[in-house]
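Structure record follows, encoded as structure tokens.
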Number of protein chains: 2
Amino acid sequence: MNIHSFVDGDDAIPTRPAILQMTPPASPPRRPVPTTERGADKRDAILVAALELFVERGFHGTAVPEIAERAGVGAGTIYRYFASKEAIVNAVYQRHKAGVFARVMKDFPVDAPARQQFHHMWQAFADFARAEPRAFAFLELHHHADYLDAQSCGIEDGTVKMGLSFIAATQARGELKPLPPMLLIAIVVGAFNGLVRKAYEGHLELTPEVIAQAEQCAWEAIRA
Amino acid sequence: MNIHSFVDGDDAIPTRPAILQMTPPASPPRRPVPTTERGADKRDAILVAALELFVERGFHGTAVPEIAERAGVGAGTIYRYFASKEAIVNAVYQRHKAGVFARVMKDFPVDAPARQQFHHMWQAFADFARAEPRAFAFLELHHHADYLDAQSCGIEDGTVKMGLSFIAATQARGELKPLPPMLLIAIVVGAFNGLVRKAYEGHLELTPEVIAQAEQCAWEAIRA
DNA sequence: CGCGACGGAATGAACATTCATTCCCTGCAC
DNA sequence: GTGCAGGGAATGAATGTTCATTCCGTCGCG
């Protein structure tokens with residue numbers, strides 16, 4: 001499994017084809033690609049600014065020139081790096097979705113008992129939510145929006161598929177409740193999202209202690 | 001407690017002041033209020049159309065004339081009933097938030113054991129989610145958006161406060177984990193939202209059985 | 001000097017809101 | 001009972017604004 005398969009060509013090292021690439025491999029050839037290295041800075045600044053604004057005001061509530069201003073570039077420059085506003089939001093989505101995925105996959109204890117695997121996943125998500133709260137909020141907010149393209153949706157579907165098969169395997173070992181796997185995913189992911197949302201709203205602080213307590217709660221929700 | 005205090009003047013029977021009315025009681029006098037009874041139909045059609053469109057495309061993604069068209073009225077007519085697009089979204093929010101609240105409060109088993117109270121709340125939410133999936137999705141999506149006014153936010157805060165004190169009381173009886181009440185709320189509400197979201201996306205069917213299974217999971221997450 | 005990156009004014013489409021006009025119900029005169 | 005006048009409700013084209021995108025002059029680097 002290769003996490004680079006989740007991001008677009010500009011960010012990914014060219015690699016072998018990936019299982020989870022759900023869309024035809026030919027992404028529309030990006031029109032404007034500045035060739036200098038300095039370009040990377042601007043592209044990045046645009047993505048960072050866009051992330052912040054999309055979280056604060058939503059996709060339709062954010063004006064492209066506003067993104068440009070916060071990124072410290074001219075409005076026209078945006079279109080040297082992205083074909084459209086939609087392309088920006090998809091790039092932001094794919095970048096950070098890949099980030100989460102990488103964290104979860106990294107050092108995954110494949111052969112450990114379920115409780116330990118659960119701990120790893122919970123911690124990985126929590127690390128991400130603490131390190132990049134905006135990105136986490138963005139991914140939640142823009143979940144399944146209609147301006148997300150096929151590739152972005154494919155990533156999401158792939159992640160869920162992976163979760164489903166993990167759960168099915170663990171259930172087979174009798175360590176989880178024998179309920180529909182999608183139900184268990186919904187509860188765990190939902191609980192985690194609820195946690196982060198309350199933190200984002202300032203009603204809760206995501207200390208390691210709180211995260212650990214929530215982890216135990218979530219585990220008790222689904223364990224056999 | 002009087003649920004009518006949550007909805008605006010046009011929908012509510014005049015009543016005594018309510019505890020959870022968090023904003024100054026003087027709501028800005030509604031400018032245009034058609035006096036005939038036929039007006040109620042149009043106002044309602046507008047709110048229904050707006051709910052659907054806001055869920056499908058978001059607040060900024062929805063054009064007012066679009067709402068008018070779906071409601072079967074002229075664009076100008078909207079402004080006979082609502083002062084602005086923001087007023088529409090707030091009216092939708094307050095109407096349905098009040099709906100949820102009413103369902104939860106109705107026949108609440110004040111003196112029953114915690115598990116039974118939990119069952120009542122879970123079922124009330126589930127009934128609402130099944131009866132009005134769009135409204136539920138709307139409330140989730142537009143949670144804490146910046147176009148919601150003080151009154152709308154006040155309702156939300158009030159609901160959470162109520163949940164907090166309920167949890168604190170139940171913890172005092174030793175029936176819930178002695179963790180921060182906000183944490184327990186986050187987990188239960190989050191789990192429920194996760195459930196409904198997966199259902200809304202078509203990955204899960206909200207049968208009574210599934211709802212009951214999820215309820216038991218959520219309870220085991222927070223019980224002592 | 002020449003080429004491409006860059007900024008920001010220019011452009012045309014789309015939007016929220018307004019307003020002059022039409023429609024239709026009601027009550028009254030005959 | 002019929003016709004008509006008054007007035008609130010409804011309308012949708014018009015308005016001014018904002019937006020995504022394009023265009024073109026400038027500038028820095030080779």
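The values are calculated or read from the model by the stated rules, or taken from the named source; none is laboratory data. On a predicted model such as this, the values are computed, not experimentally measured, just so you know. Glycine also receives a Cβ, built like all others from the backbone with ideal geometry; neighbour counts cover every protein chain displayed.
Annotations for the structure displayed:
- Any hit, the range B:33-45, residues being within 16 Å of DNA strand C (Cβ to nearest atom), over 24 Å from B:Val189 (Cβ atoms), part of a helix (DSSP H, G or I) and at pLDDT 90 or above: yes
- Scan of the range B:48-87 for residues that are more than 9 Å from DNA strand D (Cβ to nearest atom) and farther than 21 Å from A:His60 by Cβ, ordered by number: B:Val48, B:Ala83
- The range A:159-179, residues that are within 14 Å of chain B (Cβ to nearest Cβ) and buried (at least 20 other Cβ atoms within 10 Å of the Cβ): A:Ile167, A:Leu176
- When each of B:Ala135, B:Ala131 is tested for being closer than 28 Å to A:Phe54 by Cα and modelled with pLDDT of 90 or more, the lone residue that passes is B:Ala135.
- Residue ranges of helices (runs of 4 or more DSSP H) in the range B:65-149 with at least 3 members loosely packed, with under 15 Cβ neighbours inside 10 Å: B:114-131
- Qualifying residue in the range B:168-186 (condition: in contact (Cβ under 8 Å) with a residue 40 or more places away in the chain and within 19 Å of the chain's Cα centre (by Cα)): no
- Test for A:Leu20: is it among the hydrophobic types (A, V, I, L, M, F, W, C), more than 10 Å from DNA strand D (Cβ to nearest atom) and modelled with pLDDT under 50: yes
- Of everything in the range B:37-47 that is in contact (Cβ under 8 Å) with a residue 12 or more places away in the chain and near DNA strand D (Cβ under 9 Å from one of its atoms), the residue that is surrounded by the fewest Cβ atoms within 10 Å (Cβ to Cβ) is B:Gly39.
- Of everything in the range B:58-81 that is away from DNA strand C (no atom under 11 Å from the Cβ) and of a type in the set (Gly, Ala, Ser), the residue that is nearest to B:His143 (Cα to Cα) is B:Ala71.
- Taken over the range B:200-224, the criterion of being touching a residue at least 24 places away in the same chain (Cβ under 8 Å), more than 8 Å from chain A (Cβ to nearest Cβ) and within 23 Å of the chain's Cα centre (by Cα) is satisfied by B:Tyr200, B:Leu206, B:Ile211, B:Glu215, B:Trp219.
- When restricted to residues that are touching a Leu at 6+ places or on another chain (Cβ under 6 Å) and either closer than 23 Å to B:Tyr93 by Cβ or of a type outside the set (A, V, I, L, M) (or both), the range B:157-198 contains 6.
- Residue check for A:Gly158: over 27 Å from A:Thr62 (Cβ atoms), touching a residue at least 60 places away in the same chain (Cβ under 8 Å) and part of a helix (DSSP H, G or I): yes
- When the range B:180-191 is filtered for residues that are facing chain A (nearest Cβ under 8 Å) and either in contact with an Asp or Glu (Cβ under 9 Å, 6 or more places away or on another chain) or of a type outside the set (A, V, I, L, M, F, W, C) (or both), the ones remaining, listed by number, are B:Pro180, B:Gly190.
- Residue match in the range B:118-129 (condition: within 14 Å of B:Tyr93 (Cα to Cα) and in contact (Cβ under 8 Å) with a residue 40 or more places away in the chain): no
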